[in-house]
Structure formats: C-alpha cells, structure tokens
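Structure record follows, encoded as structure tokens.
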Amino acid sequence: MRPQLVRAVFCLAIAAVISTVAVPTAAQINNARVARPEVTLPTGPAREVILRSCTSCHGIDEYGYYALDRSGWDDIVERMKTAKSGLVEGAVISDSDKAVLLDWLVGSFGPETTPFPREYVPRVLSEADFLVDETAEAKLARTCEGCHNIDQVLDNRANEEQWRATLLDMVGRGAALPISDIEPLVEWLTRTRGLNPTN
C-alpha cells in the first residue's frame, strides 16, 4: 500500500473514533434542559385579572410548579392578599376576579396535572454573560424593589451557593426574574458582594 493511502486511512479511522466519542459528549454538554416552567398568559378575562392583580409583583411561570385543587389555589391567593413585605401590602383582587382566576388556575394547574419538577441546573456563563455594575444593579432594582428595599440585597455578603439559593428562593416566591439572569447575577453578586469581594 502506498504511504499516502495508509496515512489517509489512518486519519479517517482516528476521525471516526473521535467523532463517536465526541458526539455523545457534546450532546450531554449541550443538552438544553428547561430549568423552570414557562407559562403563557391566558386569553380573555383570566388574562385581565392576572395583569391587574398578580404580575405587578411576580410572574406566572411559578404556577407550573403546583397541581392544586380549588381550595389549595384559594389558600395561595388569600396568602397573596394578606402578605405584607416591605412596601407591598398584598394583592388586590375582588371576589369576582378571584373566581375567574381560580377557574383558570384549577383548569390549567389542577390536581390531575403534573407539576414541573423543582430543580435547577446552573448554566455555564459565556464572556458575554458577565455583568457590569450598572447593568446588574438595574436588573436587581427591577426585580427586587417591587417587594423590598434594594439595600437588603446590596448590604448582604454571601458565597456563590448562598446567592444562588437566595435568587432561586425569590423566584420561587414570585420574583419576576428571568431564569437566564440568575447565573449572571450570581456571578456578579459573588464577585462584588461575596465573602471576599473583588471590588
């Protein structure tokens, strides 16, 4: 056999082995799992009630974590009405609006539905994800100041896992923070408000 042909066959064999190993590994790394539910606003009266009474303090994606009967959803709505946190006195919703909301919640997230699993897989940040101070502070202000003073956040010190747990807890409580913003904010908070801040 000619040396060039032997070299070509050898290179093809190596490429075949590498591709069979690399493809499954790449598929595992790029396996884009949805980290939280994505709930679409309904149409009609339920949409108006949600926009009027719910979304000034939180998004609606977290509804997907529950599978409750009417009584269970009613308990949550009542807690939203009576909760006091900082400047917010709680949700304002009439009995007729609450009935519309409960009909939609039970129809969409009732006991026969499967709730979204409560798990979170931190994503790897790219260079473009790193936040400058002004951007991070603006995102935090938009997210946090609806329910409490931003100084409660900025005066704290925590490590990476503690910041991540805090942000996820706030999202679980209804903070309107896109899941894509969590890791960039965790990195920024750890860097600037960590146990050993760099600035």
Any chance Ser94 is of a type outside the set (Asp, Glu), surrounded by fewer than 14 Cβ atoms within 10 Å (Cβ to Cβ) and modelled with pLDDT under 90: no
Test: Val100 is under 25 Å from Gly44 (Cβ atoms) and modelled with pLDDT of 85 or more: yes
Region 142-159: number of residues that are acidic (Asp, Glu) and more than 13 Å from Met170 (Cβ to Cβ): 2
Looking only at region 164-175, and only at residues there that are crowded, with 17+ Cβ neighbours inside 10 Å and either hydrophobic (A, V, I, L, M, F, W, C) or at pLDDT 80 or above (or both), the one that is nearest to Lys81 (Cα to Cα): Ala175
Test: residue in region 105-126 that is in a helix (DSSP H, G or I) and modelled with pLDDT under 80: no
Residues located in region 47-57, provided they are out of contact with any Leu (no Cβ under 6 Å at 6 or more places or on another chain) and at pLDDT 80 or above: Glu48, Ile50, Leu51, Arg52, Ser53, Cys54, Thr55
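The values are calculated or read from the model by the stated rules, or taken from the named source; none is laboratory data. Note that the structure is a prediction, hence the values are computed from the model and not measured. In this analysis, Cβ positions are derived from the backbone assuming ideal geometry, glycine residues included, and neighbour counts consider all displayed protein chains.
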